[in-house]
1. Going by what's in this entry, would Lys67 be described as part of a loop (DSSP other than H, G, I, E, B), of a type in the set (Lys, Arg) and either exposed (fewer than 11 other Cβ atoms within 10 Å of the Cβ) or modelled with pLDDT of 80 or more (or both)?
2. Criterion first (of a type outside the set (A, V, I, L, M), more than 15 Å from the chain's Cα centre (by Cα) and either at pLDDT below 95 or surrounded by 12 or more Cβ atoms within 10 Å (Cβ to Cβ) (or both)) does Asp28 satisfy it?
3. Looking only at segment 72-88, count every residue that is crowded, with 16+ Cβ neighbours inside 10 Å and among the aliphatic types (A, V, I, L, M) and tell me the total.
Amino acid sequence: MFFRRKPTETKIAKVIGMCEMIDGATGDFREDLEDGDIFVLWFVTFELENGEHKEFRLSDFQLGLIKEGDVGQLTFKGRKFIGFLVNN
């Protein structure tokens, strides 16, 4: 994978957008889903201090800890989301 060659970075960022994509499984798209099952993918967009935007796919659990407008420390490796620690 390409992201393995990238360094892990932690930057101050703000959550500026959240969206979901609903999809269905067809054929052998996902071994753990039956044909016709529906699953949801969540995407979160962060804005770094320099104005750059980063978008990552998050799990339901990760998404439950983040809300739009949160500011904190975003950790990522290339295009892979590692974590987001909200500043208090």
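1. Here the answer is yes, as Lys67 does meet what is asked.
2. yes
3. Matching residues across segment 72-88 total 1.
The values are calculated or read from the model by the stated rules, or taken from the named source; none is laboratory data. Since we're looking at a predicted model, the values are computed, not measured. Quick reminder, even Gly has a Cβ in these numbers, built from the backbone with ideal geometry, and neighbours come from all protein chains shown.
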